[in-house]
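K.L.:
Structure in structure tokens, see below.
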Amino acid sequence: MYDLVIIGSGVTGYGAAMYAARLDLSIAVIGDVDGGTITLTDDVANYPGYLQLTGKELSEKIKEHALDYPVFIESGTVTDIFRCKENCFYVVTENKSFLTKSIIIATGMKERELEVPGHDELKNRGVSYCALCDAPLYKDKIVAVIGGSDSAAKEALLLAKYCPKVYIIYRREKIRPEPINAARIEREPKIEIISKTNVTEILGTNKVTGVKLDRPYNGSDVLGLDGVFVAIGGIPYSGLAKKLGVEVNEKGEIKIDRSSRTNVDGVFAAGDVVDSEFKQAITGVAEGVHAAYQAYKYVNENEFIFTYQQE
Ligand SMILES: Cc1cc2nc3c(=O)[nH]c(=O)nc-3n(C[C@H](O)[C@H](O)[C@H](O)COP(=O)(O)OP(=O)(O)OC[C@H]3O[C@@H](n4cnc5c(N)ncnc54)[C@H](O)[C@@H]3O)c2cc1C
């Protein structure tokens with residue numbers, strides 16, 4: 001039986017693993033995408049201790065730190081969790097199951113898809129969710145980023161290295177990147193912002209040729225494009241938590257207290273999947289560390305009974 005199983009192999013999961021291992025817990029980390037969401041960016045300049053590095057470099061450093069201790073990493077998807085008859089949990093993947101005294105859920109979010117006509121037919125045919133992965137395919141082409149967050153701004157800045165024109169289409173009046181990225185956008189003549197505008201359809205047959213807008217831009221409600229990059233936030237992966245009776249808010253984010261405890265004893269949560277307003281690598285790692293410490297306390301303060309019976 002493990003003391004702790006961490007679900008999610010992003011920076012939050014690996015940060016929690018490092019800390020929990022230092023507290024001498026026996027730990028397994030189970031995750032399907034190594035490094036998680038931060039690997040989608042090549043520019044992280046706000047993680048204390050590093051002036052600038054890529055997301056992949058950051059996640060690898062945190063993972064490497066965790067692996068300096070006896071942490072077991074399982075590559076796979078958790079398909080089920082349930083409580084044993086007594087106070088332990090089973091965490092089940094496609095081909096294994098893990099018995100554990102406590103759990104940290106650090107499953108992050110999946111991208112929110114743009115729900116407009118044309119999206120499903122043209123996804124991966126000009127509609128992308130990852131500039132870092134796909135930007136080189138759009139060299140010398142005209143593209144748009146849909147969204148107004150800091151992530152959307154960074155996607156646009158990356159695309160401007162390859163493309164002669166990058167539109168940012170945003171439904172509100174003003175995009176809201178970090179000031180440093182806002183200044184970069186202002187200095188980048190290839191980026192043009194179309195605000196107070198929604199995309200209502202993605203146009204094209206077999207490949208993207210443009211988008212339809214809900215109000216005219218430069219006299220037309222059709223904007224010709226070769227690619228559309230969607231950056232409109234995410235939907236928390238909280239289904240497994242809900243199955244255990246963990247409370248979520250109206251957005252589906254797991255509710256935690258200041259110490260990353262959920263309402264279910266022995267179940268902690270951290271990172272993008274929780275109900276924090278500000279979701280960053282550093283905040284996820286910090287929540288993961290809180291969760292690790294609470295798991296340590298929980299494991300040491302309770303008696304555990306091993307049983308194969310499901311509750
Ligand atoms: C384009 C972009 C740029 C960004 N830039 C920055 C930045 O510069 N600085 C910054 O601090 N933050 C940045 N962020 C935000 C940052 O990436 C996230 O806040 C952070 O990575 C969240 O980490 P996490 O570990 O909580 O979640 P994630 O990184 O999403 O990791 C969760 C992991 O759990 C896995 N998982 C989910 N369900 C299961 C399951 N059932 N079984 C197994 N595994 C599962 C997922 O596949 C994933 O690997 C950026 C985000 C984006 C999209």
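K.L.:
Can you confirm whether region 292-309 contains a residue that is within 16 Å of the ligand (Cβ to nearest atom), of a type outside the set (S, T, N, Q) and farther than 21 Å from S97 by Cβ?
P.N.:
Yes.
K.L.:
Do we find that V228 is within 16 Å of the ligand (Cβ to nearest atom) and β-branched (V, I, T) in this structure? Spell out how you get there, then give the answer.
P.N.:
Numbers: within 16 Å of the ligand (Cβ to nearest atom): yes; β-branched (V, I, T): yes.
Yes.
K.L.:
How many of the residues in region 130-162 are part of a loop (DSSP other than H, G, I, E, B) and either crowded, with 22+ Cβ neighbours inside 10 Å or among the aliphatic types (A, V, I, L, M) (or both)? I'd like the intermediate steps shown before the answer.
P.N.:
Pass one, region 130-162, residues part of a loop (DSSP other than H, G, I, E, B): 130, 139-141, 147-149, 160-162.
From what's left, either crowded, with 22+ Cβ neighbours inside 10 Å or among the aliphatic types (A, V, I, L, M) (or both): 147-148, 160.
Adding up the residues that qualify gives 3.
K.L.:
While we're looking at this one, here's another question. Please go through region 37-71 and pick out each residue that is out of contact with any Phe, Trp or Tyr (no Cβ under 8 Å at 6 or more places or on another chain), hydrophobic (A, V, I, L, M, F, W, C) and more than 9 Å from the ligand (Cβ to nearest atom).
P.N.:
L51, L67, V71
K.L.:
Just for strands (runs of 3 or more DSSP E) wholly inside region 178-259: which have at least 2 residues that are of a type in the set (K, R) and more than 30 Å from S102 (Cα to Cα)? Step through it out loud before you land on a result.
P.N.:
Numbers: elements: 191-194, 199-203, 210-217, 220-224, 227-230, 234-236.
Qualifying strands (runs of 3 or more DSSP E): 210-217.
K.L.:
Tell me, yes or no, whether region 264-272 has at least one residue that is surrounded by 14 or more Cβ atoms within 10 Å (Cβ to Cβ), away from the ligand (no atom under 12 Å from the Cβ) and without any contact (Cβ under 8 Å) to a residue 40 or more places away in the chain.
P.N.:
Yes, the conditions are met somewhere in region 264-272.
K.L.:
Now a separate question. Might you check whether a residue that is farther than 20 Å from K242 by Cβ and either free of Cβ contacts under 8 Å to residues at least 40 places away in the same chain or touching a Leu at 6+ places or on another chain (Cβ under 6 Å) (or both) occurs anywhere in region 80-91?
P.N.:
No, that holds for no residue.
K.L.:
Of the residues Y50, Y14, which is assigned by TED's automatic domain parsing to the domain that holds S102, outside any helix (DSSP H, G or I) and not β-branched (V, I, T)? Steps first, answer last, please.
P.N.:
On the way: Y14 fails: outside any helix (DSSP H, G or I).
Only one candidate qualifies: Y50.
K.L.:
Hey, another quick one. So which residues in region 114-129 are assigned to a helix (DSSP H, G or I) and either closer than 18 Å to R171 by Cβ or in contact with a Cys (Cβ under 6 Å, 6 or more places away or on another chain) (or both), if there are any at all?
P.N.:
Within region 114-129, H119 is the sole residue that qualifies.
The values are calculated or read from the model by the stated rules, or taken from the named source; none is laboratory data. Keep in mind that this is a model prediction, so the values were computed, not measured. Positions of Cβ are backbone-derived with ideal geometry, glycine not excepted, and every protein chain shown enters the neighbour counts.
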